[in-house]
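What follows is a set of notes on a single structure, which appears directly below.
The values are calculated or read from the model by the stated rules, or taken from the named source; none is laboratory data. No experiment lies behind these values; they were computed from the predicted model shown. Here the Cβ positions follow ideal geometry from the backbone for every residue, glycine too, while neighbour counts run over all protein chains shown.
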Amino acid sequence: MSISLSEIRAFNAVVEHGTFTRAASALEVSQPAVTAQIRKLESRSGHYLLERTPSGFELTNHGRRLYQVSRQYTDLGNALDAALAVNSQPSLPSIKIATASALIFMPLLAQFRQQYENTCLEIHSTTSAECQALLLNRDVDIGLFPLGDKHSALSNFEFHRHNLVAIVPKNSPLSELKAVSIKTLAQYPLIFSAHSCFTQRCLDALLLAHGIVGHSHIRLDHRHEICEAVIHDMGIGFAFENDIRPDDRYLSLNIIEASEPAIEHVVWLKNRSSMPAVQEFVQMALEQVSISDVLNT
């Protein structure tokens, strides 16, 4: 069975954009042309790939199996376009980025946006685990997060280090200290993050390492919510120091035992390394790391 790249591109575009109209717009072709490519693909395979529903369509079982393989050809098509491009300035129509550390990486994202102002920048702010899952599922091009478990399909480099801190109300007795022990903190009401959050996993490991059973009656999903809870004197929160904004209504205290920093990484799929958007973003990030190294020496 001979399947053309144009058929695969049309199928992937319909799946990824949700409608034939948006797929046609993304591919810069007519909607009938997309429909014709899907029909050719279904004819070659001998199976329906899309099933119409009141809200649009759903993938059939054969469609889901095909997409598990066909989405890899999106990378191939992008790489071929890049290799054949005649312009010296790469064309970067869009780039999808997932980050768990928006405050740390926002200056980099802003610099990229300024240099490539016509590029559509789609940013997903989520947990570290979800960032890695989105990368491995090819739903994003770049991940910006603390990479815990290395994966053979991913390339990465270190971008930034910072330590776990306690967030205490300005009127707390602890506010007079420059650093505090985890055992002292455990005597106060604590505010925890979601179980799957990287920060919470690090805090749980710290408590366990010192034989402390951590308890909390408050668990919040987002750092800004934790900071608000601290401001309203609901307890002591935790974050990595550069993940929260300075605020005169609370203080960040170093935790004496928290000597292991979180290492923020720039991460991408190895087989997307030839994509122009990935190459340009990675190069810009590397330059920022080099500048930071010079300033800190």
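I'd like the full set of residues that are in contact with a helix residue (DSSP H, G or I) (Cβ under 8 Å, 6 or more places away or on another chain) and of a type outside the set (Phe, Trp, Tyr), limited to the range 198-217.
Taking the range 198-217 as the starting set, the residues that turn out to be in contact with a helix residue (DSSP H, G or I) (Cβ under 8 Å, 6 or more places away or on another chain) are 198-199, 206-207, 210, 212-214.
Selection gives 199, 206, 207, 210, 212, 213, 214.
Taking the range 46-70 as the range and being among the hydroxyl-bearing types (Ser, Thr, Tyr) and closer than 10 Å to residue 11 by Cβ as the test, the residues that pass are 67, 70.
State all residues of the range 264-289 that are acidic (Asp, Glu) and more than 13 Å from residue 95 (Cα to Cα); if no residue qualifies, say none. Steps first, please.
From the range 264-289, those acidic (Asp, Glu) are 264, 280, 287; that's our starting set.
Once the filter is applied, which keeps residues that are acidic (Asp, Glu) and more than 13 Å from residue 95 (Cα to Cα), the range 264-289 yields 264, 287.
For residues in the range 35-51 being part of a helix (DSSP H, G or I) and not polar (S, T, N, Q), which is modelled with the lowest pLDDT?
Residues of the range 35-51 part of a helix (DSSP H, G or I): 35-45.
Narrowing further to those that are not polar (S, T, N, Q): 36, 38-42, 44.
On the way: 36: 90, 38: 89, 39: 89, 40: 87, 41: 86, 42: 86, 44: 80.
Within the range 35-51, the match that is modelled with the lowest pLDDT is 44.
Restricted to the range 17-43, and to residues there that are in contact (Cβ under 8 Å) with a residue 24 or more places away in the chain and under 20 Å from residue 94 (Cα atoms), the residue that is nearest to the chain's Cα centre (by Cα) is 18.
Which of the residues belonging to the range 93-114 are farther than 23 Å from residue 26 by Cβ and among the aromatic types (Phe, Trp, Tyr)?
Within the range 93-114, the first condition is being farther than 23 Å from residue 26 by Cβ, and the residues that meet it are 99-108, 110-111, 114.
The one that is farther than 23 Å from residue 26 by Cβ and among the aromatic types (Phe, Trp, Tyr): 105.
Among the residues of the range 1-34, just one is closer than 16 Å to residue 67 by Cβ, at pLDDT below 85 and outside any helix (DSSP H, G or I), namely 3.
When the range 207-219 is filtered for residues that are assigned to a loop (DSSP other than H, G, I, E, B) and free of Cβ contacts under 8 Å to residues at least 12 places away in the same chain, the ones remaining, listed by number, are 211, 213. Scan the range 42-61 for residues that are surrounded by 15 or more Cβ atoms within 10 Å (Cβ to Cβ) and touching a Ser or Thr at 6+ places or on another chain (Cβ under 9 Å) and the total you get is 3. Quick one: in the range 191-219, of everything that is surrounded by 15 or more Cβ atoms within 10 Å (Cβ to Cβ) and farther than 20 Å from residue 259 by Cβ, which residue is nearest to the chain's Cα centre (by Cα)? Here the answer is 197.
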